[in-house]
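Every number in this text was worked out from the coordinates using simple rules, so none of it is lab data. Keep in mind it's a predicted model, so treat the numbers as computed, not measured. In this analysis, Cβ positions are derived from the backbone assuming ideal geometry, glycine residues included, and neighbour counts consider all displayed protein chains.
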Amino acid sequence: MKLFKKILVANRGEIAIRVIRACKELGIKTVAIFSDIEREALHVRLADESVCIGPASAAQSYLNIPAILSAAELTDSEAIHPGYGFLSENPQFAEACATSGITFIGPTPDNLRMGGDKAKARQVLKRRGIPVVPGSDGPVASEEIAMKTARKIGFPVIIKASAGGGGRGMRIVREEEELSPAFHMAQRESLAAFGSSELYMERYLPSIRHIEVQIIADGKGNVIHLGERDCSVQRRHQKLIEEAPSPIATEKFRKKIGEFAVRAAKAMKYKNVGTIEFIVDQDQNIYFMEINTRVQVEHPVTEELTGVDIIKEQIKIAAGFPLSYKQNQIKPSGHAIECRINAEDPERFIPSPGKITFLLPPGGPGVRVDSAAYTGWVVPPQYDSLIAKLIVHGKNREDAVARMKRALDEFIIEGIKTTIPFHKKVFNHPEFLKGNFNTDFIEKMAESGNNGNKTTEAASNQDE
Ligand code: MV4
């Protein structure tokens, strides 16, 4: 079996660079694609070749399937790596690649369809013995059935879009009177956002942690997990800080959640890398939520913890190689934390695009920066606001926290506002330092007057 000679990277920003770096180390040539306004982007400079595929708007460039396939054919690329966001979870794109004789570096179209149908995934995995939050068995077809289901599972309930993700089309319903308007609102929102109004329901669990498990599957029956990541520090469904291991995880917990994740991947005949997302309640009960059928923004946390290069594994699996590791060869070590540095106002989280007049990334032991930003780069308003991922690794959580504080202090970004000041506050927050937080943490922090108001929406992000 042979690796690819040339891969087209169908993405931009830091993830395009991350893929190019993996390809270079594997001896694979790379092709970057770019929109009209990204001729000077770092991913274009770092790739061996580049092709302009359209105007600035994502719909006409990074989401433009015919233009991307033409670029691949024009450059003799054998495979396409989609990164995250954009076309990465689009089964039609994966199929179109196959039709053009190009390998899509990612899960199978069936895997992508299952990941995109959340009511179905829930139903299938529940039947395979994976715990789910009490709720509907598959989709809820009408308001009447919704009411019946809610009475059975008990209020509060949460209505979710089957095609949803990132919290859109979701409604929490606390009592019977709220159900009818919430149901119709969720239907309308889901139809507008995803082109499908299908909904499902669960009991709403307050004070949860969001914990996910990285899995790798070679499509030949070998499936392993790389441990969990705690992504509970988020604001309006945008993750801000991710860490591994989870501060609440014992060895027993890790084994259990890991086994659920591997069982889920096997049940859906998963191939390539993916993440099984769970919520964990205050009694440490684990419930399956969703499957993310892509490499995720926060994958470096797991790479630092385990030493596994997740992007290289994706490429090797797509080329037909079996997994490079057995489960007992995965030995997580120490503690890793990632801060997402966004070009946003750190108080209100509104986008702050513009020219970076000076940039100095931190360095030294245990510090990794994945970024496409440089002095002179103009952060465009058209795409997501992630400009750097700051990842630290230490021998335990305390060391990793000290290292993150040191790295945040070293990091200089001038000319635009960034979320660095926000992260500095979190890394001085007594509850965060204790590992005592759940998905309400940021909202609570804002309410206690620590972080300004919270009335604005974040920019649309590439990743969930
Ligand atoms: C939940 C939940 C509580 N109970 N499901 C958010 C994104 C999606 N991946 C799943 N999400 C949640 N699902 C049940 N049964 C809480 C969340 C959730 C959340 C919900 C409403 C408003 C903000 C939230 C923040 C994090 C998680």
Quick one: length gained pulling Arg45 to Phe321 fully straight, 0.36 nm per residue minus the C-alpha distance?
96.4 nm
Assuming R0 = 35 Å, what is the FRET efficiency of Lys331 and Gln284, from their Cβ-Cβ distance, to the nearest 0.05?
0.90
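When you count, for each residue, the other Cβ atoms within 10 Å and take the mean per peptide, how do 18-25, 290-297 rank with the highest first?
On the way: 18-25: 21.0, 290-297: 24.6.
My ranking of the peptides, most packed first, is 290-297, 18-25.
Please get the size of the charge dipole for the range 94-192, origin at its Cα centre, with Cβ charges of +1 on Lys and Arg and -1 on Asp and Glu, quoted in debye to the nearest 20. The partial results should precede the final answer.
On the way: 15 positive and 11 negative charges, 71 e Å.
So the magnitude is around 340 debye.
Starting from the Kirkwood Rh over alpha-carbon pairs, what translational D in µm² s⁻¹ does the range 134-293 have by Stokes-Einstein at 10 °C and 1.306 mPa s? Walk me through the numbers before you get to the answer.
Numbers: Rh = 16.7 Å.
Translational diffusion coefficient: 95 µm²/s.
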Rounded to the nearest 0.05, what FRET efficiency do Arg406 and Leu205 have when you use their Cβ-Cβ distance and R0 = 35 Å?
0.45
A correct Stokes-Einstein calculation for the range 117-207, using the alpha-carbon Kirkwood radius, 4 °C and 1.567 mPa s, returns a whole-number D in µm² s⁻¹ of 101
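How much length, in nm to one decimal, is gained on full extension between Asp137 and Lys255, taken as 0.36 nm per residue of separation minus their Cα-Cα distance?
Working: separation 118, 0.36 × 118 = 42.48 nm, distance 2.73 nm.
Using 0.36 nm per residue and subtracting the Cα-Cα distance, I get 39.8 nm.
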Take the Cα atoms of the range 249-289, build their convex hull, and give its volume per residue in Å³.
68
Toward the positive end of the charge dipole of the range 134-203, about the Cα centre and with charges on Cβ (Lys, Arg +1; Asp, Glu -1), which of Thr149, Gln187, Tyr200 goes farthest?
Tyr200
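Below 8 Å, C-alpha to C-alpha, sequence gap of six or more: please give me the relative contact order for the range 6-105 in percent. Numbers along the way, then the final one.
Values: 184 pairs, mean separation 29.3, N = 100.
Once divided by the residue count of the range 6-105, the mean separation gives 29 percent.
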Do the sum for the chain: with -39,500 (n - 2.57) for every DSSP H run of n ≥ 4, divided by all residues, what is the mean residue ellipticity at 222 nm, to the nearest 500 deg cm²/dmol?
-9500 deg cm²/dmol
Taking the Cα centroid of the range 322-377 and of the range 391-431, what is the distance between the two, rounded to the nearest whole Å?
11
Ranked on Cβ counts within 10 Å of their own Cβ, fewest leading, Ser333, Ser77, Ser246 go Ser333, Ser246, Ser77
Arrange the following residues from fewest to most other Cβ atoms within 10 Å of their Cβ: Ile350, Ile416, Ile15.
Ile350, Ile416, Ile15
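Where does the range 202-310 land on Rg(C-alpha)/(2.2 N^0.38 Å)?
Values: Rg = 13.2 Å, N = 109, 2.2 N^0.38 = 13.1 Å.
Output field value: 1.01.
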For the range 284-304 versus the range 153-204, the gap between their alpha-carbon centres in whole angstrom:
23
Can you give me the distance in nm between label points at Leu433 and Tyr374, each placed 7 Å from the Cα along the Cα-to-Cβ direction?
3.9
Long-range HN-HN contacts of Glu344 with modeled amide H, under 5 Å
Ser352, Thr418, Thr419
Starting from the Kirkwood radius over alpha-carbon pairs of the chain, derive D by Stokes-Einstein at 37 °C in a medium of 0.692 mPa s and give it in µm² s⁻¹.
145
Shape parameters for the range 221-285, alpha-carbon atoms, Rg then Dmax in Å
12.7, 37
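For the range 6-105, would you read off the P(r) tail past 19 Å as a percentage of all alpha carbon pairs?
Roughly 31 percent, once rounded to a whole number.
Given Cβ point charges of +1 (Lys, Arg) and -1 (Asp, Glu) and nothing else, what value in debye, to the nearest 20, does the dipole of the range 134-203 about its Cα centre take?
On the way: 9 positive and 10 negative charges, 37 e Å.
Roughly 180 debye, rounded to the nearest 20.
If we count other beta carbons within 10 Å of each Cβ, what is the order of Asp230, Asp384, Asp281, fewest first?
On the way: Asp230 24, Asp384 21, Asp281 15.
Ordered by Cβ neighbours within 10 Å, fewest first: Asp281, Asp384, Asp230.
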On the principal axes of its Cα set, how long, how wide and how thick is the range 1-43? Give whole Å, largest value first.
39, 14, 12
